[in-house]
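Notes follow once the structure below has been shown.
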Amino acid sequence: MGRIPSLKNFNAFPHAEDHLLKKTYSGAIVTIFGLIIMITLFVHELKFYLTTYTVHQMSVDLKRGETLPIHINMSFPSLPCEVLSVDAIDMSGKHEVDLHTNIWKLRLDKYGHIIGTEYLNDLVEKEHGTHDHDHDHEHKDDEQKKQEHTFNEDADKMVKSVKKAMENGEGCRVYGVLDVQRVAGNFHISVHGLNIFVAEKIFDGSSHVNVSHVIHDLSFGPKYPGLHNPLDDTTRILHDTSGTFKYYIKIVPTEYRYLSKQVLPTNQFSVTEYFVPKRATDRSSWPAVYFLYDLSPITVTIKEERRNFLHFITRLCAVLGGTFAMTGMLDRWMYRLIESVTKSKTRSVLR
């Protein structure tokens, strides 16, 4: 029985002494301060748990036989809609015969306000060339040769209409979607759709074609959270010069998997820009804006994930328990400090 009192030393739950059960103003202040810290840390941990994060994975692209959507939204402040054409060429060297187009052209005044619309569905099959309006064209019949040297009434009306639009500072906005095959290719916006002699009559030479443009939006599929398309809000304005813009685009097939397991197939891309100024000696090529794209063989999968609930509980317990322990230590130190100061004052008074 003599050893039984020594067992008290192993008691993990000692009873507090009477003086430690006193409620003091300093303890109330520390308690309020601790509660504020606990609530703040709880809200922070809850936000951290509810916030999703993304995980990136890469794999070989196994998609076949699908189309590539190209979303276009561009403005040409120096070219009327009547002279602009959209051409899309794939790796085979021809326009897709069954190319599905959903392109609109909006006429703009010199202030950028819309004054008219036109639906563009005139993409036709052409041989893959430079689209430079070369003077030497093969496979022309007698009727085409005759039209090269004489203008009918429709051509004259078009020339007058375009010149008037250019004098008024009219521009054009091109927007819509091109659905092309998932192979390397390019699409470009230019005056290549015009007859060479009509174009010469309108611009008095290719060096006077100003392809200044603003890319409001260019994407290859729907947008997902966090996606940034590098060509959005790109402005390229030419002053007293002319030339061809070329954008070399590398497309990376992408899948975005939401937390709800919904999958969004899309594409992201990188781009390199190159400008070719127009030379006075080069009369065969006409300025244009080219977008030359190629597809990566690698697919990027982006998955939304949320942190484990047990991990959240563990962090919460650690934060709240640690705060409670620290405020308890602070309360004991303040109590002892106040008590020692009070006792020293009492002794000095008694003396």
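The values are calculated or read from the model by the stated rules, or taken from the named source; none is laboratory data. The shown structure was predicted, so the numbers you read here are calculated from the model rather than taken from an experiment. Cβ atoms come from the backbone with ideal geometry, glycine included; neighbour counts cover every protein chain shown.
Hey, which of the helices (runs of 4 or more DSSP H) in the range 139-207, taking only ones fully inside, have at least 1 residues that are within 36 Å of the chain's Cα centre (by Cα) and either at pLDDT 85 or above or β-branched (Val, Ile, Thr) (or both)?
153-167
Taking residue 235 as the residue in question, decide whether it is loosely packed, with under 14 Cβ neighbours inside 10 Å, assigned to a strand (DSSP E or B), under 22 Å from the mean Cα position of the chain (by Cα) and of a type in the set (S, T, N, Q).
Answer is yes for this residue.
State which residue is modelled with the highest pLDDT when the search covers only the range 13-25 and only residues that are in a helix (DSSP H, G or I) and aliphatic (A, V, I, L, M).
21
Pick from the range 39-68 the residues that are among the acidic types (Asp, Glu) and closer than 15 Å to residue 299 by Cβ: which of them is surrounded by the fewest Cβ atoms within 10 Å (Cβ to Cβ)?
66
Any residue that is at pLDDT below 80, among the aromatic types (Phe, Trp, Tyr) and farther than 29 Å from residue 307 by Cα - is there at least one of those in the range 76-83?
Checked against the condition, which is being at pLDDT below 80, among the aromatic types (Phe, Trp, Tyr) and farther than 29 Å from residue 307 by Cα, the range 76-83 yields no hits at all.
Report yes if some residue within the range 270-282 is surrounded by 12 or more Cβ atoms within 10 Å (Cβ to Cβ) and under 17 Å from the mean Cα position of the chain (by Cα); otherwise report no.
yes
State all residues of the range 334-346 that are surrounded by 12 or more Cβ atoms within 10 Å (Cβ to Cβ) and either of a type in the set (A, V, I, L, M) or outside any helix (DSSP H, G or I) (or both); if no residue qualifies, say none.
334, 338
Going residue by residue through the range 255-267, is there one that turns out to be outside any helix (DSSP H, G or I), within 30 Å of residue 196 (Cα to Cα) and not hydroxyl-bearing (Ser, Thr, Tyr)?
Within the range 255-267 (the criterion being outside any helix (DSSP H, G or I), within 30 Å of residue 196 (Cα to Cα) and not hydroxyl-bearing (Ser, Thr, Tyr)), the answer is no, since none of the residues qualifies.
Residue under question is residue 331, and the condition is that it be among the acidic types (Asp, Glu), closer than 30 Å to residue 85 by Cβ and either surrounded by 13 or more Cβ atoms within 10 Å (Cβ to Cβ) or modelled with pLDDT under 85 (or both); does it hold?
no
Which of (1) closer than 26 Å to residue 217 by Cα; (2) part of a strand (DSSP E or B) does residue 63 not meet, given it meets every other one?
(2)
If I ask for residues that are touching a residue at least 40 places away in the same chain (Cβ under 8 Å) and of a type in the set (Phe, Trp, Tyr), which ones from the range 185-217 would you list?
187, 197 - these are the residues of the range 185-217 that are touching a residue at least 40 places away in the same chain (Cβ under 8 Å) and of a type in the set (Phe, Trp, Tyr).
When you scan the range 26-47, do you find a residue that is outside any helix (DSSP H, G or I) and modelled with pLDDT under 85, even just one?
no
When residue 259 is evaluated against the numbered criteria (1) at pLDDT 90 or above; (2) surrounded by fewer than 18 Cβ atoms within 10 Å (Cβ to Cβ); (3) not charged (D, E, K, R), which criterion, by number, is the only one it fails?
(1)
Pairs, please: C-beta under 6 Å, at least 6 apart or cross-chain, first residue acidic (Asp, Glu) and in the range 54-68, second in a loop (DSSP other than H, G, I, E, B)?
Listed by first residue and then by second, the contacts come to 61/297; 66/182.
Identify all residues within the range 268-322 that are assigned to a loop (DSSP other than H, G, I, E, B) and among the acidic types (Asp, Glu); write none if there are none.
Residue satisfying the conditions is 282 alone.
Looking at 229, 210, which one is in a loop (DSSP other than H, G, I, E, B), within 18 Å of residue 68 (Cα to Cα) and not β-branched (Val, Ile, Thr)?
229
Only one of these conditions is not met by residue 315: (1) among the charged types (D, E, K, R); (2) under 30 Å from residue 46 (Cβ atoms); (3) surrounded by 17 or more Cβ atoms within 10 Å (Cβ to Cβ). Which number is it?
The one condition residue 315 does not meet is (3).
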